[in-house]
1. What number of residues within the stretch 38-60 are out of contact with any strand residue (DSSP E or B) (no Cβ under 6 Å at 6 or more places or on another chain) and part of a loop (DSSP other than H, G, I, E, B)?
2. For the stretch 80-101, give me each residue that is touching a helix residue (DSSP H, G or I) at 6+ places or on another chain (Cβ under 9 Å) and either at pLDDT below 95 or loosely packed, with under 12 Cβ neighbours inside 10 Å (or both).
3. Is it the case that the stretch 88-108 has a residue that's over 14 Å from residue 39 (Cα atoms), over 13 Å from the mean Cα position of the chain (by Cα), without any contact (Cβ under 8 Å) to a residue 24 or more places away in the chain and not in a loop (DSSP other than H, G, I, E, B)?
4. Starting from the stretch 71-84, keep only residues that are at positive phi and outside any strand (DSSP E or B), then list their pairs with residues that are modelled with pLDDT of 95 or more and surrounded by 11 or more Cβ atoms within 10 Å (Cβ to Cβ) whose Cβ atoms are within a distance under 7 Å, requiring at least 6 positions of separation or different chains.
5. Taking into account only those residues within the stretch 65-79 that are over 24 Å from residue 34 (Cβ atoms) and touching a strand residue (DSSP E or B) at 6+ places or on another chain (Cβ under 9 Å), which is surrounded by the fewest Cβ atoms within 10 Å (Cβ to Cβ)?
6. Go through (1) modelled with pLDDT under 95; (2) closer than 30 Å to residue 105 by Cα for residue 36 and report which single condition fails.
7. Being surrounded by 13 or more Cβ atoms within 10 Å (Cβ to Cβ) and closer than 18 Å to residue 101 by Cα is the filter here; which residues of the stretch 39-55 pass it?
8. With within 15 Å of the chain's Cα centre (by Cα), loosely packed, with under 14 Cβ neighbours inside 10 Å and free of Cβ contacts under 8 Å to residues at least 12 places away in the same chain as the only criterion, which of 27, 36, 10 stands out?
């Protein structure tokens with residue numbers, strides 16, 4: 001993303017803003033297409049597996065270059081379509097389908 005601030009016309013002036021947080025009013029936010037969400041809006045949603053197991057509330061969405069990670073307590077789940085199968089905004093629920101062994105208390109099946 002490229003951002004230019006009024007009155008910040010040089011690299012030296014821009015350096016003073018390094019690591020600053022940029023925020024906008026919610027009313028100025030871009031309307032997202034169907035099926036897209038602002039991650040901050042999902043905090044607190046209940047996260048359940050497609051098998052019906054409750055993992056807990058979504059605590060945080062961690063931003064990484066490869067993909068975001070959903071943090072539910074100590075559990076991290078990649079926020080990719082293969083694992084996040086439904087975001088139900090009406091019921092404030094996220095359904096995930098993590099591969100076997102990804103959840104901390106699961107053991108992967110052996111290949112025997």
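1. Final tally of qualifying residues: 5.
2. Residues of the stretch 80-101 touching a helix residue (DSSP H, G or I) at 6+ places or on another chain (Cβ under 9 Å): 87, 89, 92, 94.
89, the sole residue that qualifies.
3. no
4. These pairs meet every condition: 73/56; 73/59.
5. So in the stretch 65-79, the residues over 24 Å from residue 34 (Cβ atoms) come out as 65-66, 71-76.
Among the residues that remain, those that are also touching a strand residue (DSSP E or B) at 6+ places or on another chain (Cβ under 9 Å) are: 66, 71-73, 75-76.
Values: 66: 7, 71: 16, 72: 20, 73: 12, 75: 18, 76: 16.
Here the answer is 66.
6. Residue 36 satisfies all of (1) modelled with pLDDT under 95; (2) closer than 30 Å to residue 105 by Cα except (2).
7. Within the stretch 39-55, 47, 48, 49, 55 meet the criteria.
8. Details: 27 fails: within 15 Å of the chain's Cα centre (by Cα); 10 fails: within 15 Å of the chain's Cα centre (by Cα).
Criteria check complete, one pass: 36.
The values are calculated or read from the model by the stated rules, or taken from the named source; none is laboratory data. This is a predicted model, so every value here is computed, not measured. In this analysis, Cβ positions are derived from the backbone assuming ideal geometry, glycine residues included, and neighbour counts consider all displayed protein chains.
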